[in-house]
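Heads up, the thing below is written out as structure tokens.
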């Protein structure tokens, strides 16, 4: 499309505001968030960075076995959560 900016892949590993995570959260741990005792998840990214993000964003990925898998989180320039995607 003429005049538009080039699109960037959602999974661009060079974007500083993207973080890749492997999450393995058992259902018992999720209950802490559902009960309101904690509002954030703390995790270590694949590149070693420590990140915090709202626990509520994991809700679409919760199964009877908890939350498991590889994910990409995106943050804005003020380090606020933007979105999360499960990787294949």
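When only residues in the stretch 34-65 that are in a strand (DSSP E or B) and surrounded by 12 or more Cβ atoms within 10 Å (Cβ to Cβ) count, which is nearest to the chain's Cα centre (by Cα)?
53
Where residues in the stretch 66-78 are free of Cβ contacts under 8 Å to residues at least 60 places away in the same chain and loosely packed, with under 10 Cβ neighbours inside 10 Å, which of them is farthest from residue 24 (Cα to Cα)?
Ranking the candidates gives 78 first.
A short reminder: the numbers here are calculations on the coordinates, not readings from a lab. Owing to the predicted nature of the structure, the values given are computational and were not obtained by experimental measurement. Reconstructed Cβ throughout: ideal geometry from the backbone, glycine too, with neighbour counts over all protein chains shown.
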